[in-house]
Amino acid sequence: LRTPLNSIGGYVDILEMELRGPLTGSQKADLARIKRSQEHLLGIINDILNFTRLEATELKYDIIDVPLRALIGDLEAVVSSLARAKSLVYQCDPPPGNTYARTDPDKLRQILINLLSNAVKFTHEGGRIRLWCTFKGEFVSIHVEDNGPGIPGNKQALVFEPFVQLDRGLTRTTEGTGLGLAISRGLARGMGGDIALRSEVDVGSVFTVTIPLAPRV
C-alpha cells in the first residue's frame, strides 16, 4: 500500500515542478488536494503498522539518557508554526538544563508531537496551549494543556482505546485512525512510563506523559 502511495506523491511532485508543462491555478489547487490525501492515507497506514508492531511487542526501544530540555526545545519550531496557523498562544516552560530522562528520544518525541498536535487540533482559534514539567521521585511528568472544549468524564477512558475518535463537540474537520493516543500510551508504557488525562468540559484538557528520570551519578 505504501509503495503506490509513494508513487502518487512522486508524480504529484513532478507535476508541481511543471516538468510536464505549465499549470493553471486550478490545476495547482487540485494537485495540492491530491498530495494532502496521499499524505493522509500514508499516515493512516503508518499508524496501523505501528499499532500492529506495538500489539505484537515487536518494537525495539533505544533507551538512553536524554537531555529533556533540548528535546522539548526542538519541538517548539513545529508546534509554534501549527499554533500560529490557528492564532493560538503556545507557552513552553522547559525543565532545568540538567534534567535527563531515561528513555528512547525518538519515541518520546513522537508521543509529545502527537499530544501537542492534538492540543492544536482541538483548541478553538485564539486559544492557549501550554507545556510544563513536574517531578516526583524517580519520574518526570510532561504536561500538555489546552483550553479547548474538554472531554466528558464518562468518555475520558475511551480516548486511549484504538480506533476510537471523540467529536469533543467540534465540527469534524480532520480525519484519522483514532490510533494516535493508543500508540502513544503503548510507547510510554514500553519505556517504563504512562500517559494520563485530566479534563473538564468547557475548560480544557491536560495530557500527562510520565517517564523515568536518568539515575544521578
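The values are calculated or read from the model by the stated rules, or taken from the named source; none is laboratory data. Keep in mind that what you see is a predicted model, and the values were worked out from it rather than measured. All Cβ positions, even for glycine, are placed from backbone atoms using ideal geometry, and neighbour counts span all protein chains on display. Quick note on the areas: whole protein, heavy atoms, side chains included, nothing else; ligands and nucleic acids left out. Shrake-Rupley method; radii C 1.70, N 1.55, O 1.52, S 1.80 Å.
Some values worked out for this structure:
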read-out	value
Thr103 vs. criteria of a type in the set (Val, Ile, Thr), at pLDDT 95 or above and open to solvent by less than 70 Å² (accessible area, probe 1.4 Å)	yes
Residue within the range 150-157 that is buried (at least 17 other Cβ atoms within 10 Å of the Cβ), within 18 Å of Glu76 (Cβ to Cβ) and not small (Gly, Ala, Ser) present	no
Set Ile48, Ile34, Ile44: member being among the aliphatic types (A, V, I, L, M) and at pLDDT 85 or above	Ile34
Thr57, sole failed condition from (1) modelled with pLDDT under 80; (2) among the hydroxyl-bearing types (Ser, Thr, Tyr); (3) touching a helix residue (DSSP H, G or I) at 6+ places or on another chain (Cβ under 8 Å)	(3)
Residue check for Ser199: at pLDDT 90 or above, among the polar types (S, T, N, Q), open to solvent by less than 40 Å² (accessible area, probe 1.4 Å) and part of a helix (DSSP H, G or I)	no
Qualifying positions in the range 108-133 - within 11 Å of the chain's Cα centre (by Cα) and either farther than 14 Å from Gly73 by Cα or open to solvent by 30 Å² or more (accessible area, probe 1.4 Å) (or both)	Arg109, Gln110, Ile111, Ile113, Asn114, Leu115, Ser117, Asn118, Ala119, Val120, Lys121
